[in-house]
Amino acid sequence: MRSVPRISSALAAVLALAFAAGVAHAAPASAHEEARRGAGPAVAPASGPNPLARGAALPTHSAAAQAASDARVQGRTAVADAFDVIARMPTATWLGEWYSDAELVQVLRAETAAAAAQNKVATFVMYAIPARDCSAYSQGGLPVERYGEWARLIAQTLRGTASAVIVEPDALSMLGECAGQGPRATLIRDAVRALTAAGVAAYIDAGNANWVPPETMAQRLRDAGVLDGRGFSTNVSNFSPTADEQRYAERLRALLGGAPRYVIDTSRNGRGWQGTWCNPSGVGLGTPPSVGTDGSGLDALLWIKRPGESDGTCNGGPAAGSWYEQAALELVRNRAL
């Protein structure tokens, strides 16, 4: 139910920037060796300082920025200005099986280098769980036997950087809904432990307030190692109002003993739910990313979903992850002020 990135031009742009910065190169043998070794349980960082306190960084590439540039060249100034509303906001970088290991390391290093230059935090989404999206628009994922090595490579590459990772949108919400998922909770738990051992903030996806009951989700989060990481995420790529999501998140937090922290995706929730999750009309950009300061368990409001990128070939949209101009313009027109 998420948008799998269309990587041809995006990857070329990221890697070009990485080479220009002198940071794009394949993982050294030692990094791969460390990744294969894995990581055991680590001390949970939920009680430590907010890892997103500096704010999320702008990514090195976004479809919105490219679309704005193209529109300006074409003389469509008003359209370009609309796309810039999206392009100037920090969004997460999604990681999946569409990258080779060498490309994955290059992307991680390019994004963390860019974030460091901004004195901000690089945000990523791990999105390669086996049987991802249960044969829907964003279907795919890695084989069960490959997933752990992939997750450990991400953790080791991010070691020593200011980074936060959203772990597998929809994976726990769709637990048991299709074949091929393998030991899904264990795969996520091991990934979270590897990230935590590397000093990386890990937030396991917890769906949204209108999906799985909080009591059920809390147990799934516990089984998936939420207490070994920073916490959880909600509303990824969805449209639920922030207040509803915060109530849901605080309920989950209470059920989990009060320790885990959370982040909320506000990228497209400016007008709330409009009857469908897949390229709905009538939706708008939500409040911009910001750091949580209200004394609750909120670490940050983030734009995890990249606004303007299609959810899939539904309601007139192109393939999942492709730029969808009509949707982008509507999101800007209906944005929360």
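The values are calculated or read from the model by the stated rules, or taken from the named source; none is laboratory data. Source: prediction; values computed, not measured. Cβ atoms come from the backbone with ideal geometry, glycine included; neighbour counts cover every protein chain shown. Ligands, DNA and RNA are excluded from the accessible area calculation, which covers all protein heavy atoms including side chains. Shrake-Rupley method; radii C 1.70, N 1.55, O 1.52, S 1.80 Å.
Remarks
- Where Ala243 falls short, out of the listed (1) more than 18 Å from Asn208 (Cα to Cα); (2) surrounded by fewer than 21 Cβ atoms within 10 Å (Cβ to Cβ); (3) at pLDDT 95 or above: (1)
- When the range 319-337 is limited to residues that are touching a residue at least 40 places away in the same chain (Cβ under 8 Å) and among the polar types (S, T, N, Q), the one that is nearest to Thr91 (Cα to Cα) turns out to be Ser322.
- Listed by first and then second residue, the pairs with beta-carbon distance under 8 Å, at least 6 apart or on different chains, first residue in the range 99-125 and more than 24 Å from Phe232 (Cα to Cα), second assigned to a strand (DSSP E or B) and among the small types (Gly, Ala, Ser), are Ala114/Ala122.
- The set of residues in the range 192-211 that are touching a residue at least 40 places away in the same chain (Cβ under 8 Å) and within 15 Å of the chain's Cα centre (by Cα) comprises Leu195, Val200, Ala201, Tyr203, Ala206, Asn208.
- Residue selected from the range 264-285 under the condition at positive phi and surrounded by fewer than 18 Cβ atoms within 10 Å (Cβ to Cβ), by the criterion modelled with the lowest pLDDT: Gly275
Per-residue answers, yes or no, for (1) at pLDDT below 95; (2) within 17 Å of the chain's Cα centre (by Cα); (3) small (Gly, Ala, Ser):
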{"site": "Ala42", "(1), (2), (3)": "yes, no, yes"}
{"site": "Gly48", "(1), (2), (3)": "yes, no, yes"}
{"site": "Ala53", "(1), (2), (3)": "no, no, yes"}
{"site": "Ala56", "(1), (2), (3)": "no, yes, yes"}
{"site": "Ser62", "(1), (2), (3)": "yes, yes, yes"}
{"site": "Ala67", "(1), (2), (3)": "no, no, yes"}
{"site": "Glu97", "(1), (2), (3)": "no, yes, no"}
{"site": "Ala117", "(1), (2), (3)": "no, no, yes"}
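- Criterion (open to solvent by 30 Å² or more (accessible area, probe 1.4 Å), among the aliphatic types (A, V, I, L, M) and over 20 Å from Ser135 (Cα atoms)) met by exactly one of Ala218, Ala201, Ala197: Ala197
- Residues located in the range 263-288, provided they are assigned to a loop (DSSP other than H, G, I, E, B) and within 17 Å of Ala206 (Cα to Cα): Thr266, Ser267, Asn269, Trp277
- Selected residue [more than 27 Å from Leu58 (Cβ to Cβ) and small (Gly, Ala, Ser)] from Ala185, Ala122, Ala128, Ala164: Ala185
So that you can scan it fast, the table gives a plain yes or no per residue for (1) out of contact with any His (no Cβ under 8 Å at 6 or more places or on another chain); (2) among the β-branched types (Val, Ile, Thr); (3) under 27 Å from Pro289 (Cα atoms); (4) crowded, with 23+ Cβ neighbours inside 10 Å:
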residue	(1), (2), (3), (4)
Gln106	no, no, yes, yes
Ala115	yes, no, yes, yes
Val121	yes, yes, yes, yes
Gln139	yes, no, no, no
Leu158	yes, no, yes, yes
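- Scanning the range 51-69 for residues that are small (Gly, Ala, Ser) and within 14 Å of Ala116 (Cβ to Cβ) gives Gly55, Ala56, Ala57.
- One residue alone among Gly312, Gly316 is touching a residue at least 60 places away in the same chain (Cβ under 8 Å), in a loop (DSSP other than H, G, I, E, B) and within 27 Å of Ala65 (Cα to Cα), and that residue is Gly312.
- Of all residues assigned to the range 181-189, at least one qualifies as being under 22 Å from Leu302 (Cβ atoms) and buried (at least 21 other Cβ atoms within 10 Å of the Cβ).
- Residue check for Glu168: over 15 Å from the mean Cα position of the chain (by Cα) and either without any contact (Cβ under 8 Å) to a residue 60 or more places away in the chain or under 19 Å from Val107 (Cβ atoms) (or both): no
- Filter result for Ala80 (more than 18 Å from Ser237 (Cβ to Cβ) and at pLDDT 95 or above): yes
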